[in-house]
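Undergrad: This is the structure I want to talk about, given as structure tokens.
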Amino acid sequence: MITVLAGGVGAARLLRGILAVHPAEDVTAVVNTADDVELHGLHVSPDLDTVTYTLAGAINPETGWGLVDETWQAMDTLRRYGGITWFNLGDRDLGTHLYRTQRLSEGAPLSEVTAEIVRGWELGLTVLPVTDDRLRTMVTIDEQGDGDVVEIGFQEYFVQRRHDVEVRSVRFDGADAALPGPGVLDALAGAERVIIAPSNPIISIGPLLAVPGLREAVEARRSDTVAVSPIIAGAALKGPADRLLRELGHESSVVGVARLYRDLAATLVIDDADADLAPAVEAEGLRCVVAPTIMSGPDEAAALARTVLAA
Ligand code: FO1
């Protein structure tokens, strides 16, 4: 089995590449739920949905989240009333949140609801929430840059403020009491290859490792674990990974990523653009594989998947 630690967009693209070269029935994705948000009385799970929609070939290509061919009639009605409109929920996407919320209200665990949604899109792979318990990334920001800080929810940071604000600290609310979701530890112990997808190390991979037992389970598989750097030439392709690394005292480079993953993965895959930093990565104690890591299309994703599986 191939087990992939996954956040949102970057992980979804690599998973699509993996499914192009490896049987879906033999792939398990352990997905971040700390981006989840309650809005309009609905439970929204962005990373679970981004993975599901991308693998279903139904992702909105412009945004990288939500569904393709989307309409926004419900949002227009909300706007008429002065409702919450800073987080855009398309009419097709709403169907997922209505279903998930109803099933959770019936007492079904998130893992069971996720399996039903994944089955509904006929994906074949196993998608596991990292935990069925409440886990929420909370971000402490310095809004005015004058030293007085406030703690806000992840989506208030990422979407409402367009992550264009300085972060002082990040914590994963609920982590201490969270249990690994059903099948998560087995998926790590039983895999012949564990992959850390090119997701944000702080706010996508970080919450996974914050669930008690997860970090140890990945460390136990270090020799079979391959990580893909989400940082290329010091920058993130999408989202705030580079800023966050710097704001939280890390280096926004493949060496900084190597330091974060040193105890978790024996191999780090970096992009050709960082080939000159391969020795510096190896000096951190990881094997370094240099390859094209920008998944601009399905062929590039499949090629990267082959590299990662062969690493
Ligand atoms: N990201 C945005 O930047 N703006 C949005 O309005 C937005 C809505 C949204 C709705 C459903 C969903 O599953 C994801 C959505 N995202 C939106 C992305 C979301 O913020 C994700 O958490 C990020 O992509 C980080 O994983």
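Undergrad: Relative contact order (percent) for region 87-218, with alpha-carbon contacts under 8 angstrom and 6 or more residues of separation?
TA: In percent, rounded to a whole number, it is 23.
Undergrad: State, as an integer percentage, the relative contact order of region 169-311 based on alpha-carbon contacts under 8 Å between residues 6 or more apart.
TA: Over region 169-311, the number comes to 20 percent.
Undergrad: What percentage of the solvent-accessible surface of region 89-205, computed with a 1.4 Å probe over protein heavy atoms, is contributed by carbon and sulfur atoms? Numbers along the way, then the final one.
TA: Details: 2550 of 5200 Å².
The computed percentage sits at 49.
Undergrad: Write down the accessible area per residue of the chain in Å², having rolled a 1.4 Å probe over the full set of protein chains.
TA: 41 Å²
Undergrad: Taking the Cα centre of each part, how many Å lie between region 1-78 and region 260-289?
TA: Taking the Cα centre of each part, region 1-78 and region 260-289 sit 28 Å apart.
Undergrad: Distance between Cα centroids, region 199-239 to region 123-143: provide it in whole Å.
TA: Using only Cα atoms to place each centre, the spacing works out to 13 Å.
Undergrad: Could you tell me the ratio Rg/Rh of the chain? Both radii from Cα atoms, Rh via Kirkwood.
TA: With Rg and the Kirkwood Rh in hand, the quotient comes to 0.95.
Undergrad: With viscosity set to 1.002 mPa s and temperature to 20 °C, compute the Stokes-Einstein D of region 1-149, Rh being the Kirkwood radius across alpha carbon pairs; µm²/s, no decimals.
TA: In µm²/s, the coefficient rounds to 131.
Undergrad: Further question: Below 13 angstrom from the Cβ of Ala74, what's the summed charge of the other residues (Lys, Arg +1; Asp, Glu -1)?
TA: Local charge sum for Ala74: -1.
Undergrad: Still on this structure, I have one more. Given a cut-off of 28 Å, what percent of all Cα-Cα pairs of region 98-231 lie beyond it?
TA: 27 percent
Undergrad: Can you give the calculated 222 nm mean residue ellipticity of the chain, where each DSSP H run of n ≥ 4 adds -39,500 (n - 2.57) and the sum is split over every residue, rounded to the nearest 500 deg cm²/dmol?
TA: That calculation yields -10000 deg cm²/dmol at 222 nm.
Undergrad: Take region 174-282, drop everything but the C-alpha atoms, weight them equally and run the Debye formula without solvent; then report log10 I(q)/I(0) at 0.14, 0.20, 0.23 Å⁻¹ to two decimals.
TA: Debye intensities relative to I(0), on a log10 scale: -0.56, -1.05, -1.27.
Undergrad: At a Förster distance of 22 Å, what's the computed FRET efficiency of Glu151 paired with Ser105, Cβ-Cβ distance as r, to 0.05?
TA: Once the sixth-power term is evaluated, E becomes 0.20.
Undergrad: Another one. Find the relative contact order for the chain and round it to a whole percent, using C-alpha pairs within less than 8 Å whose residues are 6+ positions apart.
TA: With pairs under 8 Å counted, the relative contact order is 19 percent.
Undergrad: How far apart, in nm, are the 7 Å Cα→Cβ label points at Asn88 and Glu216?
TA: The answer from the label model is 4.4 nm.
Undergrad: Ranked from highest to lowest mean number of other Cβ atoms within 10 Å per residue, what is the order of the peptides 147-158, 223-234?
TA: Peptide ranking by packing, descending: 223-234, 147-158.
The values are calculated or read from the model by the stated rules, or taken from the named source; none is laboratory data. What you see is a predicted model; the values in this text were computed from it and never measured. Here the Cβ is made from the backbone with ideal geometry for all residues, glycine too, and neighbour counts use every protein chain on show. For the accessible areas, the whole protein counts, side chains as well, though only heavy atoms, and no ligand, DNA or RNA atoms are used. Shrake-Rupley method; radii C 1.70, N 1.55, O 1.52, S 1.80 Å.
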